[in-house]
1. Take each uninterrupted DSSP H stretch in the chain, measure its Cα extent along the helix axis, and return the ones at 30 Å or beyond whose mean Kyte-Doolittle hydropathy is at least 0.5.
2. Return the lysines within reach of Lys107: Cα separation strictly under 19 angstrom, same-chain partners fewer than 8 residues apart disregarded; answer none if there are no such residues.
3. Can you tell me what percent of all Cα-Cα pairs in segment 149-260 are more than 24 Å apart?
4. Per 0.36 nm of contour for each residue apart, how much would the distance between Trp154 and Gln203 grow if the chain were fully extended, relative to their Cα-Cα spacing?
5. Which whole-number percentage describes the relative contact order of the chain, with Cα contacts under 8 Å and a sequence gap of 6 or more?
6. Would you mind telling me which residue in Arg238, Arg168, Arg98 has the biggest mean-square fluctuation in a Gaussian network model of the chain, where springs connect alpha carbons within a distance under 10 angstrom?
7. So which chymotrypsin sites (Phe, Trp or Tyr not before Pro) in segment 1-52 pass both tests, a DSSP loop state and at most 14 other Cβ atoms within 10 Å of the Cβ?
8. Identify which of the listed values of Rg and Dmax of the Cα atoms in Å was calculated from the structure shown: [x] 19.6, 63; [y] 17.9, 55; [z] 21.2, 85.
Amino acid sequence: MSINWGLVFTSVLAIVVELGLPITLAILAVKWLKVSGWVVVTGVLTFLGSQVVHLPLLAGINLLFVKNILPLPPTSLLPLFNAITAGVLAGLCEETARLVGFKALKKKGLPFNSGLALGVGHGGLESAIVGFIVLTSFISNVVSPSALTAATFWSTPITTPLAGAVERISAVSAHLFMSLLVWKAVANRNYLWFVLAIAYHTQIDFVTVYMSQSGASTWAIEGALSIFLVADVFFLWRFWVTERAKEKAIAEAEIIPTAE
């Protein structure tokens, strides 16, 4: 089996993005934004905590359908039902975990930069996990593949790994945005922002699951997610500008004029 060097290149590039992006953002959060590393770690813990609840909850609901305790929806409606269920559960579990994280941080979680840093930890861990899985799969296929897995791997289109990298960029940007929504709920004591975070998270997962189960191509799904990516970047920028302006105004108001 000949080596597909194009696939090797795109696979390595995807792994670098999936593993390097969260590491880079974590360093920037601590060194540039001057946020305590504990805020990033709290973000990591919120992701782990959300999955401790989320995964068993999904398994439990699935078991209820398998045991016929709950009636299955018609086959034609399964993609829609699964997308709604997956979206709502992900939104509730992850955004609630973020809320608990900000509450646990107390004053450390109130600065705007902490809102970003917690998102870095939360979304960064998810990206790192995906990157590690892709890395181990890549190594196993290159170093000691079976004949079947080797044939399957080397016939993969070279653009496929890049889709995974694009997905992680979209996902991390979404986690940053949703973390800021939850941060605003806590910092401003207005929990409509928390509800908005759940709704936004639900929408992203709904689109991903529905398109996937409806037979959409990988790049069609990434194309849809790119719309969220553009929205994430825009609103992150708007939050950045607004909060920096607020901080500047507060700093100027606190300056006591020197007596002449």
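1. Values: long enough: 5-31 (37 Å, 1.95); 37-66 (44 Å, 1.71); 78-105 (40 Å, 1.06); 112-143 (45 Å, 1.30); 160-187 (40 Å, 1.10); 192-213 (31 Å, 0.95); 218-253 (51 Å, 0.60).
Helices passing the filter in the chain: 5-31, 37-66, 78-105, 112-143, 160-187, 192-213, 218-253.
2. Partners within reach: Lys34, Lys184, Lys246.
3. On the way: 2834 of 6216 pairs.
So the portion of pairs separated by more than 24 Å is 46 percent.
4. Details: separation 49, 0.36 × 49 = 17.64 nm, distance 3.47 nm.
Length gained between Trp154 and Gln203: 14.2 nm.
5. Numbers: 290 pairs, mean separation 78.4, N = 260.
Once normalised by length, the contact order is 30 percent.
6. Of Arg238, Arg168, Arg98, the Gaussian network model singles out Arg238 as fluctuating most.
7. Details: sites: Trp5, Phe9, Trp32, Trp38, Phe47; in loops: Trp32.
Of the chymotrypsin sites (Phe, Trp or Tyr not before Pro), the ones in loops of segment 1-52 whose Cβ has at most 14 other Cβ atoms within 10 Å are Trp32.
8. Checking each listed value against the structure points to [z].
The values are calculated or read from the model by the stated rules, or taken from the named source; none is laboratory data. Because the structure is a prediction, the values reported are computed rather than measured. Positions of Cβ are generated from backbone atoms using ideal geometry, with glycine treated the same way; all protein chains shown enter the neighbour counts. All accessible areas refer to the heavy atoms of the entire protein, side chains included, with ligands and DNA or RNA removed. Shrake-Rupley method; radii C 1.70, N 1.55, O 1.52, S 1.80 Å.
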